[in-house]
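This report concerns only the one structure given below.
Just so it is clear, none of the values below were taken in a lab; they were calculated from the coordinates. Predicted model, so just to flag it, every value in this text is computed and none were measured. Neighbour counts are summed over all protein chains in view; Cβ atoms, including those assigned to glycine, are modelled from backbone coordinates with ideal geometry.
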């Protein structure tokens, strides 16, 4: 990787007769440093003791670490005072090699953070164990990697920024296509072939290390590895199709025999609010979604026993929401209360939601959609508690009728994936 | 290590072989890595490659670029 021009840059006002005090005051990293010279530079600029800034940066570790981010940003962006009077060296971000080292260290910090989170036991809560600035660090590392690659491309393109734009655009689209193809191949079950290709590129790089050349292979190899790791982590499968599926069964006869609804990628809606719910009914539904959004809607008067999981994403069941890796949301109220929906759902990457609202429009988000305010989570939880109250066994028919009127027009699909058999059973009949 | 070996390519190649092997085992079902560990493996691979790039010798195109920056004429 290239160090940018280490040649000292002379200040713009370089009149030989000008004294230093006449030049505009500039914020630079100082050579009188403990780490990168940021605190010393700030101290010199503001004419205060740099220890104040050092203490401030140190204390910021305990308030989310944002000060550390600020320190790193200043260390990268500020020019450095040179050895000679009035001399300034370009900021680190213009020098590829220090930038690569910093980005590499940051990526390793993120790796340690994520790796540690994934191992039990871990002294912090699993959901919040990652360092607050882990995400920004990774973002910076990737940005720095892209910048370093761009500098390499600029060199290959002859040094001109127009050439860089052209080569960069072609490279971006080429790598994007490669990444999408890799994700597709992995999602249809041939991820081992992509992994084999990565190993093969690795072997080629090792050979190239002795024969010369071949560094450019690193970039396409990572373009294969990132989507494959994503697919592997989320277990995304394109089985079940791609697109939008909306099911609004009006009777138990059109429910799939096994109660299973499946979609590979897209939006899957199972709106059970038009179903003829009777006391004693227990409906079993299972949702299997690869990548996207899944919604199950039930009348407010139906009790739901739910087990929703997301390998990566968000799950929400009547106000009980969870997100992140291996997110899980369960409802287990009013055992034996009917009518009842027994719902199991899993999404590899995306969102899965149970809506128990007779008026919510599940066809869209926003103010008229099924989620709009946090307060609605509490209302949803309250409705579910009432529906699962053992003292309430009868379903008011008026409520059920109301439920069937909402959103009934314009359905895109009313048939079940495997319609013709009933997924409904009477309580006590066995599963 | 001999003078003629490109350490960046060597380290990157070894890292990619390791990462590919981990992904291959995951895909063939030999073991099932969690999303966090896979993300960590990927970030570690990127980190080591970036570090190697920063520490290793510059490529020929980068040396040319450096030369151009030193002497634009």
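A few comments on the model shown:
- Shown is the FRET efficiency for residue A:323 and residue A:87, computed with R0 = 51 Å from the Cβ-Cβ distance and rounded to the nearest 0.05: 0.50.
- With R₀ fixed at 45 Å, the C-beta to C-beta distance from residue A:391 to residue A:188 puts the FRET efficiency at about 0.30.
- Judged by the mean number of other Cβ atoms found within 10 Å, the most tightly packed of the peptides A:341-349, A:82-90 leads the ranking A:341-349, A:82-90.
- Per-residue mean of foreign Cβ neighbours for A:211-223 is 5 (Cβ atoms of other chains, 10 Å radius).
- Extended-chain gain in nm, criterion 0.36 nm per residue less alpha-carbon gap, residue A:25 and residue A:176: 49.9 nm
- Other protein chain C-beta atoms within 10 Å of residue C-beta, averaged over A:322-335: 1.
- The slack between residue A:35 and residue A:200, meaning 0.36 nm per residue of separation minus the straight C-alpha distance, is 55.3 nm.
- Cα centroid separation, segment A:255-316 to segment B:1-54 (Å): 40 Å
- Taking every residue in A:182-194 and counting other chain Cβ atoms within 10 Å of its Cβ, the average works out to 2.
- Once the Cα-Cα distance is subtracted from the 0.36 nm per residue extended length, the residue A:147 to residue A:165 segment shows a gain of 5.2 nm.
- Segment A:163-317: C-alpha gyration tensor shape, a/c 1.5 cut-off, then a/b vs b/c: prolate
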